[in-house]
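This is the structure I have questions about; it appears just below.
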Amino acid sequence: MELHVADHPLIRHKVTVLRNKDTPSPTFRLLVDELVTLLAYEATREVRVVDCQVETPLIPTVGTKIADPAPIIVPILRAGLGMLDGMQRLIPSAEVGFLGMKRNEETLEIITYANRLPEDLTGRQVFLIDPMLATGGSLIMAIDYVLERGATDVTCVCLLAAPEGIQNVQDAVGDRADVKVVVAQVDEKLNEQGYIVPGLGDAGDRLYGIVDL
Ligand code: PRP
Ligand code: URA
């Protein structure tokens, strides 16, 4: 597994505003969207492309276009949905799959309540998006879902990660596939409740409000 931590002053500035407990939901959503666009630039560095012909007003020339099959973006609901628009803006031809996952806040076990992925992901570049990589449980399960469908090239885009979670993902993936994790910042640790510290709290709640299920 390859880890890439974005190091950019604008990213650090925006993450600081996200962390602030007084930042309201509308601002939080806007910042998540902006941060994804900045991270996506790095995350898509190796997106597959092919040569193509283009006619400028002057002459025909050779250009570049995204190769088939189109990449697939998979937000991990709920919080990952806040990152979808930003990713789609950069790769409008990408298809979108959905994984709905919920962490049991007592046991930290992951429940999958929705899975809308193509049966066959052979040859597809997959972008898994979720703002928080805490214990890594959700991301590991999401990676397993796409690998068992034949994907071999997976990029995970997250805003904050805990060192423990990164290690867990690394151990779980091993050398099974080419997995890259792009994060805005790596925080200090997990607390006893499995929250990232200093973190930003519950990303889903901060984006969409509190839902008791
Ligand atoms: C959050 C977050 C990740 C997960 C991270 O989602 O968006 O999916 O927790 O924790 P982990 O690394 O320990 O698995 P949550 O389960 O709270 O659901 P939500 O997005 O609906 O709020
Ligand atoms: N999920 C969140 O939304 N925040 C955390 O800190 C950990 C898991």
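The values are calculated or read from the model by the stated rules, or taken from the named source; none is laboratory data. In this text the structure is predicted, and so the values were computed from the model without any measurement. Accessible surface is based on the protein model in full, side chains and every heavy atom, while ligands, DNA and RNA are left aside. Shrake-Rupley method; radii C 1.70, N 1.55, O 1.52, S 1.80 Å.
For the Cα atoms of the chain, what angle does the longest principal axis make with the long axis of helix 9-19, in degrees from 0 to 90, nearest 10?
40
If you take every DSSP beta bridge fully contained in the range 78-162, what fraction is antiparallel? Give it as a percent rounded to 5.
Beta bridges within the range 78-162, antiparallel portion: roughly 45 percent.
Hey, which lysines would be in cross-link range of Lys189, C-alpha to C-alpha under 23 Å, not counting anything within fewer than 8 residues on its own chain?
Here the lysines satisfying the reach criterion relative to Lys189 are Lys14, Lys21, Lys102, Lys180.
Using only Cα atoms, locate the centre of the range 96-171 and the centre of the range 41-89, then give the distance between them in Å, rounded to an integer.
Using only Cα atoms, the two centres lie 21 Å from each other.
Normalised by the number of residues in the range 2-208, what is the relative contact order in percent for Cα pairs under 8 Å and 6+ residues apart?
Rounded, it is 23 percent for the range 2-208.
If you roll a 1.4 Å probe over the range 155-213 with all protein chains in place, what percent of the accessible area is carbon or sulfur?
48
Based on Cα coordinates alone, diagonalise the gyration tensor for the range 148-213, multiply each eigenvalue by 5, take square roots, and list the semi-axes in whole Å, largest first.
For the range 148-213, the semi-axes come out at 25, 16, 11 Å.
A follow-up question, please. Taking the full set of protein chains and a 1.4 angstrom probe, give the accessible area of Arg89 in square angstrom, rounded to the nearest 10.
Around 130 Å² of this residue is reachable by solvent.
Note the direction-averaged projected area, equal to a quarter of the hull surface, for the Cα convex hull of the range 2-208, in nm².
For the range 2-208, averaging the hull's shadow over all directions gives 12.6 nm².
Sticking with this structure for a sec: Among Asp175, Asp51, Asp144, whose mean-square fluctuation peaks in a Gaussian network model of the chain (Cα, cutoff 10 Å)?
Highest fluctuation of the listed residues: Asp51.
Let me see the pair-distance distribution of the range 97-213: every alpha carbon pair, 5 Å bin width, integer percents in order.
The calculated distribution, bin by bin, is 2, 11, 22, 24, 21, 12, 6, 2.
Moving on to the next point. Would you compute, from DSSP H runs of 4+ residues alone, the mean residue ellipticity of the chain at 222 nm, taking -39500 (n - 2.57) per run and dividing by the full residue count, rounded to the nearest 500?
It comes out at -9000 deg cm²/dmol, rounded to the nearest 500.
Please figure out what share of the DSSP beta bridges in the range 2-208 is antiparallel and state it in percent, rounded to the nearest 5.
Of the beta bridges lying entirely in the range 2-208, close to 35 percent run antiparallel.
Does anyone have the angle between helix 163-173 and the longest principal axis of the chain? Alpha-carbon axes, 0 to 90°, nearest 10?
Rounded to the nearest ten degrees, it is 50.
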